[in-house]
Amino acid sequence: MKVQLDMYQTLAIAVLVLLLGSYLRKKIKFLERFCIPAPVVGGLLFAIFTCICYVTHILEFSFDDTLKEVCMVFFFTSVGFQANLKVLKKGGKSMVIFLGLVIVLIFIQNGVAVGLSKVIGLDSLIGMCTGSIPMVGGHGTAGAFGPVLEDFNVKGATTICTAAATFGLIFGSLVGGPLGKRLIEKKNLLDTAIPEDDSLLIEDEKKHERHSRMYASAVFQLIIAIGIGTIFSWALTKTGLTFPIYIGAMIAAALMRNIAEYAGNGKLVIHMGEINDLGGISLSLFLGMAMITLKLWQLASLALPLVILLGAQIMVIVLFTYFIVFNIMGRDYDAAVLVAGTCGFGMGATPNAMANMQAVCDKYVPSVKAYLLIPLIGSLFADFLNSLVITFFINIL
């Protein structure tokens, strides 16, 4: 029997899945420790249920995911608003260098994924499902680019990307703290820990304060950016290249943010705190709908190749952070904490990065430099640049 759900019913189930995931995260310490998103927890359980129903021929679910795309565009538009060039400039040389390292990591992750997939006889686009899409990108980018790859006849791409993102969340948290701890103790780096000026951090926090009366304005700003973004997206399609649907909205949002920062003279205010909250809500709903529509039975034939590809990504993040990030970022205590943080968002998400750094800093001493660079690069610029690099790889493949 086939169960057909319209877009409102699909959204309602996504919310129920989100609530279930939130409840389980509070009850199961493992889920909280590794920062597994609530929609992933509840959604995976629902996906397992639908998989059992499918393989036993009891029920087959069909979802209308129209609202999933809407939520996805709202989320990535909120990410576009994060791209503040003034903050990047104020962050100084270290921030620019670290941003460059993140871009290099994105290229390496995709290069390894594509190259290794060819070695083991897989389609290169299947390999992309284990590259920077789920690693640096996390579940949000995985859910966004999965359908794009499916348009290129990569069956089960969304399921593979989401499974890889969940894998990354767990292992990014497992390797980050131990790597940072090893560097600190092996190289006696506590002597290099120096208190730093955290005024930029405080200034950025003030810009992200919430005011209940401003949420309507924040919604309007998101909608305007999305509307303008459709023009950018239309122009980009004329190049003959394939771009995700949200890329124009991200560009429009970034332009609006920086025009307000540089030319607004205080009269143009982007309500970043409220936009962040709305983006978070949109991401939760998007992930909920992405998870409940997973077709886990499509992973059966790819189990071994996925283990090989994802194992390679663990090696990439360990070697890259330990030998490259640590050495280039100064070979000191701050660099070691940055290693722990980079493992977090390089294989999962910024919250994982923050959890890794907190674990290290709670054991030793705080690192203001790391606490500044990781959230700014991981949240503001990584997703934006990752989308562009992924688009480049997809088009050349």
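Looking at segment 45-74 only, could you name the residues that are within 14 Å of TRP297 (Cβ to Cβ) and open to solvent by 30 Å² or more (accessible area, probe 1.4 Å)? Quick ask: steps written out before the conclusion?
Narrowing segment 45-74 to residues within 14 Å of TRP297 (Cβ to Cβ): 47-61.
Hits for segment 45-74 are ILE48, PHE49, ILE52, TYR54, VAL55, THR56, HIS57, ILE58, LEU59, GLU60, PHE61.
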Residue ranges of helices (runs of 4 or more DSSP H) in segment 164-268 with at least 2 members at pLDDT 85 or above
215-237, 247-263
What number of residues in segment 4-44 are at pLDDT 85 or above, open to solvent by less than 40 Å² (accessible area, probe 1.4 Å) and not in a helix (DSSP H, G or I)?
1
Does SER132 fit the bill of being modelled with pLDDT under 80 and either more than 22 Å from GLN109 (Cα to Cα) or crowded, with 23+ Cβ neighbours inside 10 Å (or both)?
no
Looking at segment 76-88, is at least one residue farther than 21 Å from PHE393 by Cβ, at pLDDT 85 or above and outside any loop (DSSP other than H, G, I, E, B)?
yes
So how many residues does segment 321-344 have that are under 19 Å from the mean Cα position of the chain (by Cα) and not aliphatic (A, V, I, L, M)?
5
Does LEU283 count as open to solvent by 10 Å² or more (accessible area, probe 1.4 Å) and either under 26 Å from GLY42 (Cα atoms) or modelled with pLDDT under 90 (or both)?
yes
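Being touching a residue at least 12 places away in the same chain (Cβ under 8 Å) and over 16 Å from GLY168 (Cβ atoms) is the filter here; which residues of segment 295-325 pass it?
Keep residues of segment 295-325 that are touching a residue at least 12 places away in the same chain (Cβ under 8 Å), which gives 295-299, 302, 305-306, 308-310, 312-314, 316-318, 320-322, 324-325.
Selection gives LYS295, LEU296, TRP297, GLN298, LEU302, PRO305, TYR322, ILE324, VAL325.
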Considering only segment 104-129, state which residues are open to solvent by 10 Å² or more (accessible area, probe 1.4 Å), part of a loop (DSSP other than H, G, I, E, B) and not small (Gly, Ala, Ser).
ILE120, LEU122, ASP123
Test LEU122 against the stated conditions and say whether it is in contact (Cβ under 8 Å) with a residue 60 or more places away in the chain, more than 18 Å from SER284 (Cα to Cα) and under 17 Å from the mean Cα position of the chain (by Cα).
no
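The values are calculated or read from the model by the stated rules, or taken from the named source; none is laboratory data. Every value quoted in this text rests on a predicted model; they were computed, and no experiment measured them. Every residue, glycine as well, gets a Cβ built from its backbone with ideal geometry; the counts of neighbours run over all protein chains shown. Heads up: the accessible areas ignore ligands, DNA and RNA and are worked out on the full protein's heavy atoms, side chains in. Shrake-Rupley method; radii C 1.70, N 1.55, O 1.52, S 1.80 Å.
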